[in-house]
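Below: one structure, written as structure tokens.
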Amino acid sequence: MIRLRAGISYALTEAMDEGHCGLPTDQLIPVAEELLEAPKELILTALELERSDGAVIADKVRTDLAGNASRWEADDSRPARRRSTP
């Protein structure tokens, strides 16, 4: 799961390097699936773990008149820290 969580942060960082301030879930998931060669269910679990740990932020943005979509952003306000490995 550590690899998947790191991959999500990497995908968001790459998007920010391309000028984006975040990615909608429907764009982040396919990018992470391709990058990590992992199924959507595991990506979603890793994304939720990153959110609950405060490493990413879910932001609601209006996509159209029909509703909202989540956009995910890396929380670069937190200092970098090394994750311990079991």
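Read-outs: derived from the displayed coordinates by stated rules, not from any lab. In this text, all values refer to a predicted model and were calculated from it rather than measured experimentally. Cβ placement follows ideal geometry from the backbone for every residue including glycine, while neighbour counts extend to all protein chains displayed.
Take the Cβ-Cβ distance between Arg3 and Lys40 as r, set R0 to 22 Å, and report the resulting FRET efficiency rounded to the nearest 0.05. The calculated FRET efficiency here is 0.90. Taking amide H as placed 1.01 Å from N in the peptide plane, the amide H of Val56 sits under 5 Å from that of Arg51, Asp75, each at least 5 places away or on another chain.
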